[in-house]
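Remarks on the structure that follows.
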C-alpha cells in the first residue's frame with residue numbers, strides 16, 4: 001500500500017535520522033492498536049537520494065511481519081528507484097535488530113545486487129528511537145557475509161521475476177497515460193492486465 005507523503009517528506013536523504021523523521025510521522029499516524037503490530041515498509045530513492053515513495057509491504061503481529069523479494073522490490077522497479085531503504089517497527093520499543101532481521105536484510109541485499117537496486121540501509125524504528133543497520137556497521141558486515149549467496153537456480157528465478165516486473169512496468173506506464181486521459185479503471189484493467197489495486201495506486 002502506497003503511503004501518501006507531503007511535499008516536505010519527499011526529502012533528499014543525508015542520513016538515517018532524515019528517514020527516521022519521515023517514518024516516525026508515518027508510524028504515529030497509525031492508531032494505537034495498529035502501532036502494536038509490526039509494519040514493514042520500503043523507501044525508494046533516486047540517484048540523488050531523493051525519496052520517491054514509501055510503500056507499506058506487510059502488517060504482522062506484535063513481533064513478526066513477513067515480506068518476500070517480489071513484494072519488496074516491485075514498487076522500486078515501477079518507480080525507477082536505484083536505491084532502497086528497508087524499515088520496520090518494533091512495537092516493544094526495543095530497536096535492537098534480531099537475528100531474523102539481519103538474515104532477512106542479508107537476503108534482500110543479495111537480491112538487490114542481482115537486479116541493480118542497492119539496499120543501502122535497514123531501520124528498526126519505535127515511536128521514540130531507531131537503529132540504523134548502516135550506521136551500526138551491520139550493512140557492511142552483511143556485504144561480506146557468505147550467507148544467502150544466490151545460487152544459479154535462484155538467479156534464474158529472480159531473472160524471470162525481474163523480466164515479469166519489467167513487463168508490468170511497461171503496463172504501468174500505459175495505465176498512467178490512460179488515467180491521465182480519464183479512461184475508466186475497468187477499461188485500463190482489461191487493456192493492461194494490471195489489478196485494480198495497482199491501478200488505484202497510480
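Looking at segment 99-130, which of its residues are without any contact (Cβ under 8 Å) to a residue 60 or more places away in the chain, within 17 Å of the chain's Cα centre (by Cα), outside any helix (DSSP H, G or I) and over 18 Å from residue 75 (Cα atoms)?
Scanning segment 99-130 gives a single hit, 124.
Looking at 156, 141, 149, 136 in this structure, which one is assigned to a loop (DSSP other than H, G, I, E, B) and at pLDDT below 95?
So the residue among 156, 141, 149, 136 that is assigned to a loop (DSSP other than H, G, I, E, B) and at pLDDT below 95 is 149.
State the number of residues belonging to segment 49-83 that are more than 20 Å from residue 132 (Cβ to Cβ) and part of a loop (DSSP other than H, G, I, E, B).
9
Table: residues versus (1) surrounded by 15 or more Cβ atoms within 10 Å (Cβ to Cβ); (2) at pLDDT 90 or above; (3) touching a strand residue (DSSP E or B) at 6+ places or on another chain (Cβ under 6 Å).
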| position | (1), (2), (3) |
| --- | --- |
| 8 | no, no, no |
| 17 | no, yes, no |
| 29 | no, no, no |
| 32 | no, no, no |
| 54 | yes, yes, yes |
| 98 | no, yes, no |
| 101 | yes, yes, no |
| 110 | yes, no, no |
| 113 | no, no, no |
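With the requirement that a residue be touching a helix residue (DSSP H, G or I) at 6+ places or on another chain (Cβ under 6 Å) and within 18 Å of residue 194 (Cα to Cα), what does segment 75-91 give you?
Matches in segment 75-91: 77, 78.
Looking only at segment 177-200, which residues are surrounded by 15 or more Cβ atoms within 10 Å (Cβ to Cβ) and not in a helix (DSSP H, G or I)?
194
Considering 37, 25, which residue is surrounded by fewer than 18 Cβ atoms within 10 Å (Cβ to Cβ), under 22 Å from residue 93 (Cβ atoms), touching a strand residue (DSSP E or B) at 6+ places or on another chain (Cβ under 8 Å) and at pLDDT 85 or above?
That would be 37, the only listed residue that is surrounded by fewer than 18 Cβ atoms within 10 Å (Cβ to Cβ), under 22 Å from residue 93 (Cβ atoms), touching a strand residue (DSSP E or B) at 6+ places or on another chain (Cβ under 8 Å) and at pLDDT 85 or above.
Being surrounded by fewer than 20 Cβ atoms within 10 Å (Cβ to Cβ), over 15 Å from the mean Cα position of the chain (by Cα) and within 20 Å of residue 142 (Cβ to Cβ), is that true of even one residue in segment 61-74?
Checking segment 61-74: not a single residue is surrounded by fewer than 20 Cβ atoms within 10 Å (Cβ to Cβ), over 15 Å from the mean Cα position of the chain (by Cα) and within 20 Å of residue 142 (Cβ to Cβ).
So how many residues does segment 84-98 have that are part of a loop (DSSP other than H, G, I, E, B) and within 18 Å of the chain's Cα centre (by Cα)?
The qualifying residues number 2.
The values are calculated or read from the model by the stated rules, or taken from the named source; none is laboratory data. In this text the structure is predicted, and so the values were computed from the model without any measurement. Cβ atoms come from the backbone with ideal geometry, glycine included; neighbour counts cover every protein chain shown.
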